[in-house]
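Shown next, in C-alpha cells, is the structure this report addresses.
Throughout, read-outs are computed from the coordinates displayed, never taken from laboratory work. Just so you know, these numbers come straight off a predicted model, no measurement behind them. Counting neighbours? That spans all protein chains shown, and the Cβs are built from the backbone with ideal geometry, glycine included.
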Amino acid sequence: MLLLRSNFVYIFAIALALFCWETAAARWFILPGLFYSDEYGLVGSCAFIAENLRADRLETRLEYFGNDEGQASFNLFIPRSTSEWTVNARYQISEKTAYSSITASSQDKLYGDTRYWTDLLIRCDFIREGGLFYGLQGSYQRHDFKGGCQDALIGGFPLSEAETFEEGDEITGSIRVGLERRDNRYNTSRGLYVLWQLDLGVSRSTQTSRTLIRSELDLRRYLPIFSSNSVLALSLKGGVIHHQVPYFSRFKMGGSYSLRGFPLDRYSGNAYYIGRAEFRQIVKSDIPSPMQLFKAFSPDLEEYKFSVGFVLFTDFGDLWRDDLSWWGVRQNVGVGLRAIFPPNVVGSLDIATPVDSDHIAVYLNLRQSF
C-alpha cells in the first residue's frame, strides 16, 4: 500500500508541475468519503477535480478497498482550438475474479487472485471544422498477479478459467477518427459523438507474444425532450479483435461502464456489441452549495450551486468467443440518482439488476455512465 500512496504523490506532484494553472479562476472540487461499490465493496476515497477558464481539467483519485488493496488514478485534459491533449495514469491493486467460461449465468464465481495493474495513456486529437477530429494515441498496460495462472492450474481449474490470471503487458499505438458535437462532454444534454479507433500493437504474456489488431466504433446521441432538463441518452458500441490474444487484451463486459448489474468483467471475447439507453431528468436546479458557509470568511467566494435528478436505464449486449460463439444477449434494468456540481462533476448512484436474475448491484461514481 505504501507503493500505491507513493505513486499517487508522485503523479500528483508531476501534474501540478506541468499544469499551468490560472489559480484565481480555477474551480476546485474535493470529496473525501467512504462509500459502497458493488465492484469493490466498502471504499475509502479522496477525489480532487479542478478546471480553469480555458477548460484545462485535472482529476486525481486515491481509493482504498481494504486488505492492502486500492488504486491511485490521474487524468489531465488540455483542450485548445486546434488540438486536445489527454494524459491518463492508474495503478491498482485489487482482487480479480474468474468466472465460468461455459455457463452464461452471472454470479458463478470460481476463483480469485490479487492483481497488480498499471495503465498509462497519452493522446492528442486534432480538431477540424464542424467538430471533426483525428488523433493519435499511445498506451501501455501491465498485469501481474500474486499467484497467477500456474496457481490456478495447480488448483484444478481448466485453462479457460486459469488464463484470467495470465500475466503480461500490452503496448499499442492507435489511430482515431471522430465527430464531437456534444454541448458538454462531462454532462451532455444534447449533441452527437462518434469515434472509430484502431489499435495496433503487441500483447505479451509469460507464455507468448501476439500481434494485436483491435478496432472499435462508439456512437452516442443525446436528445433533449421538451427541455434541457429531460434528456434521452443513447449509446451503441462494438468492436473486433483480428487475432487470438491473451485474456487481458480481450474485450470485457460487466460492471459500471458496460453491463450494470453483472459482475465486473464477467464476460470476455474477441468481438462485442453493447447498447445503452438512459432517460435523464433534472428535478431541481440552482441548489446553494454547502460551501456558502465559508462565504463569511471569504466574501469573494463564488456562489457555487448544484442540481439533482434521476435516471432510468437499460443496457444490453453480447460477446463473441472463438470456442463457443456468442455468450447470449445479456440485459439489465435500473434506476439512478445524479448530482451535478461545479466544475462539471457528476456524482452518480446507480442500482441495477439483470433481467434474468434477482441480483442487485450498486455503483457510485463521479461521472456519467456515458
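Worth a mention:
- Where trypsin sites (Lys or Arg not before Pro) fall in DSSP loop in the stretch 27-77, at most 15 other Cβ within 10 Å: ARG54
- Where only C-alpha atoms are counted, convex hull volume of the stretch 185-292 per residue in Å³: 160 Å³
- Neighbour-count ranking [beta-carbon atoms within 10 angstrom, fewest first] of THR211, THR172, THR82: THR82, THR211, THR172
- Under the criterion of Cα pairs below 8 Å and six or more residues apart, the relative contact order for the stretch 2-365 equals 10 percent.
- 0 to 90° range, to nearest 10: angle between helix 2-18 axis and the chain longest Cα axis: 50 degrees
- Projected onto their three principal axes, the Cα atoms of the stretch 2-365 cover extents of 67, 45, 44 Å, largest first.
- The Cβ shell under 12 Å around THR164 holds other residues with a net charge of -2, Lys and Arg each +1, Asp and Glu each -1.
- Label-point gap, in nm, between LYS284 and ILE175 - each point 7 angstrom along Cα→Cβ: 5.2 nm
- Magnitude of the charge dipole, the chain, Cβ model with Lys/Arg +1 and Asp/Glu -1, debye to 20: 940 debye
- Working note: 222 nm ellipticity from helices only, DSSP H runs with n ≥ 4, each -39,500 (n - 2.57), summed and divided by the residues of the chain, gives -2000 deg cm²/dmol to the nearest 500.
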